[in-house]
Amino acid sequence: MSSALLNSKLVKAQASRLGFVACGLAKAEPVAESFAIRYRRWLDLDFCGEMDYMRRNVEMRLKPDLLVPGVRTIVSLAMNFMPSEHQPGISLYAQGKDYHDVLRERMQQLMQACGLEGRCFVDTAPVLERYWAWQSGVGIVTQSGLVAVPGYGPTVFLGELFLTQEADTYDEPLPDSLPEEVGWAKVCPALTPEGLDARLCISYQTIEHRGPLPDNLRLAATFYGCDRCLRATPQFAESHPTAEPAFQPSEALLQMAPDDWQNLTEEQYRSLFKGSAIKRAKYDGLKRNIERWLKHCKS
Ligand code: SF4
């Protein structure tokens, strides 16, 4: 490990050059007790549904040093994903290429450009990414549970660098937002005062859940993911199209109409979603969602 302090201004300048819209540095200390209690309570309530991985490595999520021994600094990064046009059946975040690949590549470039030592994570390791985005001053955690970045709203992907170097300067969390005048229970029953109940969430059901959809699940707007709480978040007013071409939908995806979705073949699916995060739902899962969506579109 190098003994030189990490130059925070250099990291931020390079992050901006690589297309990140926000970058902040936090000390890699254990997660604040109030967040840890909330997280444990969320698990106790079974709000994670079938996402058993959320139950594993709880201590590792709360103590970064257990994930990356010797970690001193956590750099949180945000990239704007708001597409300029979109295919209405699909959540805004999934219109373009798989964000895991796009962010990981940029983060590796950032580590190389700044001589950083450590590891990078994009939604694939036991990391409380929203907590670190808040702790490093990248954004605020809204009442809907999303992270909103000033000037960009909640339409951002997050990634983290766990570095073994100490930084010359660390960022402070942003002040809490004003109380939001949104009746979240009316926006969606999955948004409870104790956090998101994934079992009631369309996004979870259409992406993570395997097997038949619950009988009462109504897919009126999208068949992959759900943007209702994203759009209802007051900071969504600050969202604007990204300059990142990777997050724009292809022409072929834009042109898909309800009848095309109904007749989607496996070959078309593979070609439309090559390099897309939508492959997570698999062909059968997507067809299951489309069937339910078409039923409600036509009713
Ligand atoms: S993604 Fe949709 S279903 Fe899930 S919490 Fe938000 S509004 Fe509710």
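Rounded to whole numbers, the Karplus 3J(HN,Hα) couplings from phi for region 184-190 are 5, 4, 7, 5, 6, x, 6 Hz, using 6.51 cos²θ - 1.76 cosθ + 1.60 with θ = phi - 60°, and x at Gly and Pro. A simple rule links phi to the HN-Hα coupling: the Karplus curve 6.51 cos²θ - 1.76 cosθ + 1.60 with θ = phi - 60°, which for region 40-49 gives 5, 5, 4, 5, 4, 7, 6, 5, 7, x Hz, with x for Gly and Pro. Per residue, the Cα convex hull of region 16-126 amounts to 135 Å³.
Taking the charge dipole of region 157-299 about its Cα centre, with +1 at Lys and Arg Cβ atoms and -1 at Asp and Glu Cβ atoms, the residue from A281, T206, N263 reaching farthest to the positive side is N263. Could you state the angle between the C-alpha long axis of helix 282-298 and the longest principal axis of the C-alpha atoms of the chain, as a value from 0 to 90 degrees rounded to the nearest 10? Here the helix axis deviates by roughly 60 degrees. Seen against the Cα atoms of the chain and their longest principal axis, helix 99-114 is set at about 20 degrees. The helix-only estimate of mean residue ellipticity at 222 nm for the chain, built from DSSP H runs of length n ≥ 4 each weighted as -39500 (n - 2.57), is -9000 deg cm²/dmol after division by the residue total.
Dividing the radius of gyration of the alpha carbons in region 220-284 by their Kirkwood radius gives 1.00 for Rg/Rh. Note on exposure: M107, M51 ranked by accessible area (1.4 Å probe, complete protein assembly) read M51, M107, with the most exposed listed first. Once the chain from Y53 to S271 is taken as fully extended at 0.36 nm per residue, the excess over their C-alpha distance is 75.5 nm. Of the residues S84, S34, S276, the one that moves most in a GNM of the chain with alpha-carbon contacts below 10 Å is S34. Sketch the reach of a paramagnetic label on Q255 as a point 7 Å from Cα along Cα-to-Cβ, and name the residues of region 272-293 whose backbone nitrogen lies under 17 Å away. From region 272-293, the list is 272-274.
With viscosity 0.890 mPa s and temperature 25 °C, the Kirkwood radius over alpha carbon pairs of region 99-153 converts through Stokes-Einstein to a diffusion coefficient of 194 µm²/s. Accessible surface area normalised per residue over the chain is 49 Å², counting heavy atoms of protein chains with a 1.4 Å rolling probe. Inter-label distance, L217 to D284: 1.5 nm, where each label sits 7 Å from its Cα along the C-beta direction. Estimated at the nearest 10 Å², the accessible area of I37 is 100 Å² with a 1.4 Å probe.
Per the Kirkwood formula applied to alpha carbons, the chain shows a radius of gyration over Rh ratio, Rg over Rh, of 0.97.
Among the protein heavy atoms of the chain, carbon and sulfur supply 52% of the accessible surface, probe 1.4 Å, non-protein parts ignored.
The values are calculated or read from the model by the stated rules, or taken from the named source; none is laboratory data. Computed from a prediction, not measured in an experiment: that's the story for all the values here. Every residue, glycine among them, receives a Cβ derived from its backbone with ideal geometry; neighbour counts consider all protein chains shown. All accessible areas refer to the heavy atoms of the entire protein, side chains included, with ligands and DNA or RNA removed. Shrake-Rupley method; radii C 1.70, N 1.55, O 1.52, S 1.80 Å.
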